[in-house]
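Take a look at the structure below.
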Amino acid sequence: MRFAVALLLIVGGLAAAARAAVGAPVRVDDFGDNPGNLEMWVYSPTQAPANAPLVVVLHGCTQQATSMAPGGFEDLADELGFHILYPQQKTANNPIGCFNWAGEYGDPANLVRGEGENQSIVSMVESMVASRSIDHDRIFVIGFSAGGGFAAVLLATWPDLFAAGAVAAGVPYRCATDQQSAFDCMNLATHPDRKKAPRAWGDLVRAAYPQWDGPWPRVLILQGTADTTVQPDAADELVEQWTNVHGIGLEPDQMDQIAGHRRARYLARGAVAVESWRIEGMGHAFPIGRADPDHGCGQAAAYFEDRDLCGAYRALEFFGLAGEVDDPSGSADAGPGHGDDGDGTASDEGGGGCRAADNDAASARGYVPLLLLLAAAMRIARRRRAGRSTLPAPVRGSSGTNS
């Protein structure tokens, strides 16, 4: 029996370690070129399919990689089958842990393709593609606050890598290149001199990778109407920047309201190229909502406000990874990853779990090998006991032992 218990403990420990490696973010120390001196954390779904999508999630200031979990990203990854890459800033690079979307102490290297923090994140993506079954055509980025600002950097500098992105409480690419102008860009209502015409904004993106002649990433913009840290004017400028990049006008082609929040869609060749959300009453936060009419998610935490809207799900829906997607990218403007509707479907269940029932069944199936090993251990233990019972009981001293 002791043998069976010992084997059970060993197998249980290995199973727990495997679950920890899959069911929680893990740090990856060696991922290649890291000029930005960032950390890499990865969350893989419990049932990762072949050619799974990859979503890069960027935290805000004073946060770290695990701070984004309340948004429901990991539950959605389990449900829809995508990997999450969490880059993490170090205080050595920024004293309050912000990604340096405006450069670093006057050095704009982070905003230049292949340099600084953007190259570090691209190295992480390349490491994921090399080590896992990742669909290179379905790589996306979501960022909040400083992470949102840096998501715009990645979309501008690496349009050949990212199919689409979501910028939450962020600012346009190259709105600022030093600390003072960064504060101005976060407060554009009181610093209108930092605003630009749509063509000027678009030119900044086009200059980030002038050799690029392919399709540009599609962009979703999330902004709270009561945000006093990054004022809503920044979202307006983001719309101007990315509609110009896509060569479309500023008049929305579609307008609707979901859970009391306004959604505007801008079409290019009949497909959604830019989507802008105004989250009514939300401050400087990322939206969550168990009462989202299509898919609830999230839990209350710092920088996450329950506004009856699951921002993570809405971004994934925009990417084509969830929900009923009406060819969001179109065919005429489609490039790498831009014409794939994805293979995920939304659960009918709301709540922070955001997890499909079949994943629970799959998780249960994962215990079958453990149960088989336990049964084998019990059989071995019974045979050992049976073997001992056929021998005469030892007589002290007769066998040459004193035990």
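Just so it is clear, none of the values below were taken in a lab; they were calculated from the coordinates. Keep in mind the model is a prediction, meaning the values are calculated, not measured. Quick reminder, even Gly has a Cβ in these numbers, built from the backbone with ideal geometry, and neighbours come from all protein chains shown.
Points worth noting:
- Available extension along the chain between T177 and R262 is 27.5 nm, counting 0.36 nm per residue and deducting the alpha carbon span.
- In loop segments of the range 94-124 as defined by DSSP, the chymotrypsin sites (Phe, Trp or Tyr not before Pro) with at most 12 further C-beta atoms inside 10 Å of their C-beta are Y105.
- Size-normalised alpha-carbon gyration radius of the range 31-355, reference 2.2 N^0.38 Å: 0.89
- Within the shell of other residues whose beta carbon sits under 14 angstrom from the beta carbon of R27, the net charge comes to -2, with Lys and Arg scored +1 and Asp and Glu -1.
- Virtual spin-label span in nm between D30 and M255, 7 Å along Cα→Cβ: 5.7 nm
- Using the Cβ-Cβ distance between R199 and E126 with R0 set to 45 Å, the FRET efficiency works out to roughly 0.85.
- Remark on I258: its backbone amide H falls under 5 Å from those of R263, a criterion applied only to residues 5 or more positions apart or on other chains, H modelled at 1.01 Å from N.
- If R0 is 30 Å, the Cβ-Cβ spacing of W212 and A291 corresponds to a FRET efficiency of close to 0.15.
- R0 of 60 Å, Cβ-Cβ distance N187-A50: FRET efficiency to nearest 0.05: 0.80
- Cα-based Kirkwood hydrodynamic radius, the range 258-312, one decimal, Å: 11.9 Å
- In the range 247-287, the trypsin sites (Lys or Arg not before Pro) that fall in loop regions by DSSP, at most 15 other Cβ within 10 Å: R269
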